[in-house]
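The values are calculated or read from the model by the stated rules, or taken from the named source; none is laboratory data. The structure presented is a predicted model; accordingly, all values stated were derived computationally and were not measured. Here the Cβ is made from the backbone with ideal geometry for all residues, glycine too, and neighbour counts use every protein chain on show.
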Amino acid sequence: MRTSPFRIGLIVLAAIIPGMLIAVVLFLALYSWPAIQFNGVGFLGGQTWNLGNLYADPVTIRGMQVPIGAQYGILVFIVGTLATSAIALLIAVPVSLGVSIFLAEGAPPHLRPTLSLIVELLAVVPSVVYGLWGVAVLVPLIAHYIAPALNTLLGFIPFFAGGSPTGFGLLSSSLVLTLMVVPIITATIYSALLQVPRPDKEAAYALGAMKFEVAVRAMLPMVRGSIVGAIILGLGRALGETMAVLMVSGGAINYLPDTITSPISTMASFIVSQLDSAEQDPTGMAVRSLAEIALVLFIITIIVNVAARLITRGLHVGLASRA
């Protein structure tokens with residue numbers, strides 16, 4: 001069977017995205033390979049990031065040229081990344097569900113296009129704008145009001161005890177991320193709710209259900225797969241966010257957060273903040289270690305997306321079996 005040029009063109013275009021993905025993984029793996037050999041498994045569990053003495057002659061360790069005293073560990077940045085993303089989703093998911101339900105069922109029909117447009121516009125605001133808002137508005141609020149209030153109300157829980165004197169840290173980063181992922185999750189769930197068949201909703205109303213009951217008990221179960229997909233989209237944005245988090249995180253190094261207001265660093269923000277210093281390393285090991293951080297972040301993102309796909313498939317199978 002002869003393959004048409006159009007079909008060949010479609011195959012080539014379809015192969016671009018997986019090809020780019022494979023190319024990025026290969027580049028990160030090959031470029032960071034010397035760092036992987038030098039750092040070993042301790043790279044993931046180490047809490048110390050030290051570029052070493054960049055002005056002395058490098059030494060040879062495990063066959064690699066590195067500065068004297070160089071040590072690279074990223075547990076602090078892994079914890080910061082996962083903690084900020086988890087807190088952001090804990091806040092963003094209920095808010096997004098509420099807003100999407102309101103847009104789909106509660107808002108006046110003539111206002112829905114305008115309100116949904118506002119939500120979509122929030123998703124395209126540059127991250128640096130959110131970061132600037134965080135520095136100018138959110139950080140002072142946390143330092144003077146939110147952190148003391150949490151200490152007063154929940155101080156008996158160690159994680160909420162104490163207060164940040166500056167406002168920069170885990171809480172501010174999480175709240176900025178929340179503001180950034182809410183529009184993404186909301187828009188996705190709202191679009192899914194609009195696709196719910198009208199007869200299904202009318203059947204729920206015919207049984208005497210109120211609007212809230214129809215949304216929660218009839219509509220949301222039908223779009224569970226889309227909800228999971230929306231959450232994963234938001235999580236992907238939170239895991240990879242750089243500038244906004246960098247501006248409000250406090251830039252902690254070699255320090256694990258012990259309270260919700262502790263300064264932190266995420267993997268993405270740390271790469272940006274340390275790239276200039278790492279380039280001063282004559283051996284190049286620091287830059288390659290930053291590339292290894294990027295590789296770890298990439299792998300975490302892939303694992304999250306694969307897990308989401310499996311969960312979504314399980315939900316679809318469960319719905320099909322019930323039907």
| field | helices (runs of 4 or more DSSP H) wholly inside the range 101-168 that include at least 1 residues being under 21 Å from L179 (Cβ atoms) and in contact with a Phe, Trp or Tyr (Cβ under 6 Å, 6 or more places away or on another chain) | value | 147-154
| All positions within the range 1-14 that are loosely packed, with under 11 Cβ neighbours inside 10 Å and in a helix (DSSP H, G or I) | P5, F6, R7, I8, G9, I11, V12, L13, A14
| query | Can you name the condition, by its number, that T259 falls short on among (1) assigned to a helix (DSSP H, G or I); (2) among the hydroxyl-bearing types (S, T, Y); (3) surrounded by 19 or more Cβ atoms within 10 Å (Cβ to Cβ)? | reply | (1)
| note | Going through the range 254-273 in order, the residues found to be over 20 Å from the mean Cα position of the chain (by Cα) and within 12 Å of Y72 (Cβ to Cβ) are N254
| remark: Just one listed residue, out of L235, L220, L239, L275, is more than 30 Å from E105 (Cβ to Cβ) and either of a type in the set (K, R) or crowded, with 17+ Cβ neighbours inside 10 Å (or both), and it is L239
| task | Would you mind telling me which numbered condition in (1) aromatic (F, W, Y); (2) surrounded by 13 or more Cβ atoms within 10 Å (Cβ to Cβ); (3) free of Cβ contacts under 8 Å to residues at least 24 places away in the same chain Y72 fails? | result | (3)
| said: Exactly one condition in (1) without any contact (Cβ under 8 Å) to a residue 60 or more places away in the chain; (2) not basic (K, R); (3) not in a helix (DSSP H, G or I) is false for Q65; which is it? | reply: (1)
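Residues are listed down the side, and each one gets a yes or a no for (1) closer than 18 Å to G236 by Cα; (2) out of contact with any helix residue (DSSP H, G or I) (no Cβ under 8 Å at 6 or more places or on another chain); (3) not in a helix (DSSP H, G or I):
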position	(1), (2), (3)
A268	yes, no, no
P282	no, yes, yes
A291	no, no, no
N305	yes, no, no
| Answer from Y205, Y190 - the residue that is more than 28 Å from P165 (Cα to Cα), surrounded by 19 or more Cβ atoms within 10 Å (Cβ to Cβ) and not basic (K, R) | Y190
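Condition first: surrounded by fewer than 22 Cβ atoms within 10 Å (Cβ to Cβ) and of a type in the set (A, V, I, L, M, F, W, C). Now tell me which residues in the range 80-100 satisfy that.
Scanning the range 80-100 gives L82, A83, A86, I87, L89, L90, I91, V93, V95, L97.
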| Is one or more of the residues making up the range 84-95 free of Cβ contacts under 8 Å to residues at least 60 places away in the same chain and either of a type in the set (K, R) or farther than 30 Å from R217 by Cα (or both)? | no
| query | Mind checking which pairs have a first residue in the range 291-307 that is over 9 Å from L28 (Cα atoms) and a second that is surrounded by 18 or more Cβ atoms within 10 Å (Cβ to Cβ) and among the hydroxyl-bearing types (S, T, Y), Cβ under 9 Å, 6 or more apart or different chains? | reply | I293/S32; I293/Y72; L297/T81; L297/T266; I300/T81
| message | Which pairs turn up if I take residues in the range 150-171 that are within 24 Å of S265 (Cβ to Cβ) and at pLDDT 85 or above and look for partners that are among the hydrophobic types (A, V, I, L, M, F, W, C) and part of a loop (DSSP other than H, G, I, E, B) with beta carbon separation below 6 Å, at least 6 apart in sequence or on another chain? | response | F159/I260; F160/I260; L170/I260; L171/I260
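For the condition touching a residue at least 40 places away in the same chain (Cβ under 8 Å), surrounded by 20 or more Cβ atoms within 10 Å (Cβ to Cβ) and in contact with a Lys or Arg (Cβ under 7 Å, 6 or more places away or on another chain), what is the one hit in V214, V248?
Values: V248 fails: in contact with a Lys or Arg (Cβ under 7 Å, 6 or more places away or on another chain).
Every option except V214 fails the conditions.
Residue by residue, here is whether (1) of a type outside the set (K, R); (2) under 19 Å from the mean Cα position of the chain (by Cα); (3) over 22 Å from S191 (Cβ atoms) holds:
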residue	(1), (2), (3)
R224	no, no, no
G240	yes, yes, yes
A244	yes, yes, yes
D276	yes, no, yes
I299	yes, yes, yes
A308	yes, yes, no
